[in-house]
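What follows draws every value from the coordinates through simple rules; no lab data is involved. As the structure is a prediction and not an experimental result, all values here were calculated from the model. FYI the Cβ positions are ideal-geometry reconstructions off the backbone, even for glycines, and counts take in every protein chain you see.
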Amino acid sequence: MTNLQPCIECGALISKSAWPCPKCKTHNPQGVHCSVCGYWSTPISEKEALSRTNEANIRWYHPECAKRILSIPADALCRDCRTPLASFWDWETILKDTNRDNKSCPNCGAKSVLVKDGMSTGHLCIRCELPLLSFHELDGLYHASCHADMNKEAKEIIGQAEDKLRREQEDARRSRGGCSGIILVLLVLLVFLRVLFS
Ligand SMILES: [Zn+2]
Ligand SMILES: [Zn+2]
Ligand SMILES: [Zn+2]
Ligand SMILES: [Zn+2]
């Protein structure tokens, strides 16, 4: 009974270990994780998510998360002809385009205008696996926001583990305290009985 749960795509009650879903054949009956929000976030259905295939691996995204990372700001310009990059590309084209050769400016032909200075073409953020683009603020090979999210998560996970440990230690101390209390009561009772019957 407890081993059953609804498939996130079709709602059929299926075994937790069923793969793919026997009814709708989805390979992700428990949902997919947004690569921007991270592995510990609530899973979503494939229908709600956007996908991108990098090499052999499929990454999933909340549409709003992919949009937040990939939207081209109005002040991102071609370094040569100064045309706004947003007049050529939008975030959805960048999401779908997994060709590692970076784009040259359709107006003046300048090479790799979407690539950050000094970075080789096609670099992906280690966390979200979306491209690192010229207008992004970076932290090593991460988007700065992705790196900050990752640090926050790590702190939360460590915090939860520490809380659990603290609670277990307190429980252990309390049960030890409880034991010595009972022993004390028994000792007092014993002394009392001895006095009574001597
Ligand atoms: Zn299903
Ligand atoms: Zn997300
Ligand atoms: Zn240009
Ligand atoms: Zn990222």
remark   = Taking a crude spin-label model, label points 7 Å out from Cα along the C-beta direction, the Asp80 to Tyr39 distance in nm is 4.3 nm
ask   = Do any of Lys47/Lys103; Lys47/Lys96; Lys67/Lys96; Lys25/Lys47; Lys23/Lys47 go past 20 Å between their Cα atoms, and which?
value = Lys47/Lys103
task = Identify which of Cys65, Cys108, Cys128 has the largest mean-square fluctuation in a Gaussian network model of the chain, with springs joining Cα atoms closer than 10 Å.
result = Cys108
inquiry  = How large is log10 of I(q)/I(0) for the chain at q = 0.14, 0.16, 0.18 Å⁻¹ when the intensity is taken from the Debye formula with one equal scatterer per alpha-carbon?
reply    = -0.93, -1.07, -1.19
query = Can you list residues whose amide H is under 5 Å from Glu46's amide H, if they're 5+ apart or on another chain and H is modeled 1.01 Å from N?
reply = Val32
remark   = The residues Cys78, Cys24, sorted from fewest to most surrounding Cβ atoms within 10 Å, come out as Cys24, Cys78
query = Tell me, what is a quarter of the convex hull surface for the C-alpha atoms of segment 144-198, in nm² with one decimal?
reply = 3.4 nm²
query = Using the 10 angstrom Cβ neighbour count as an exposure proxy, how do Thr2, Thr83 rank, fewest first?
reply = Thr2, Thr83
query = Which value, in debye to the nearest 20, gives the size of the charge dipole of segment 1-112 about its Cα centre, when Lys and Arg are +1 and Asp and Glu are -1 at the Cβ?
reply = 160 debye
remark   = Largest fluctuation, Gly178, Gly11, Gly140 only, Gaussian network model of the chain with Cα springs under 10 angstrom, belongs to Gly178
message = Suppose we keep just the DSSP beta bridges with both residues in the chain; what percent of those would be antiparallel, to 5?
response = 95 percent
key: Highest-MSF residue in the chain out of Ile158, Ile69, Ile126 [GNM, Cα springs under 10 Å]   = Ile158
inquiry  = Quick check: the angle from helix 144-197's long axis to the longest principal axis of the chain, C-alpha only, nearest 10 degrees?
reply    = 0 degrees
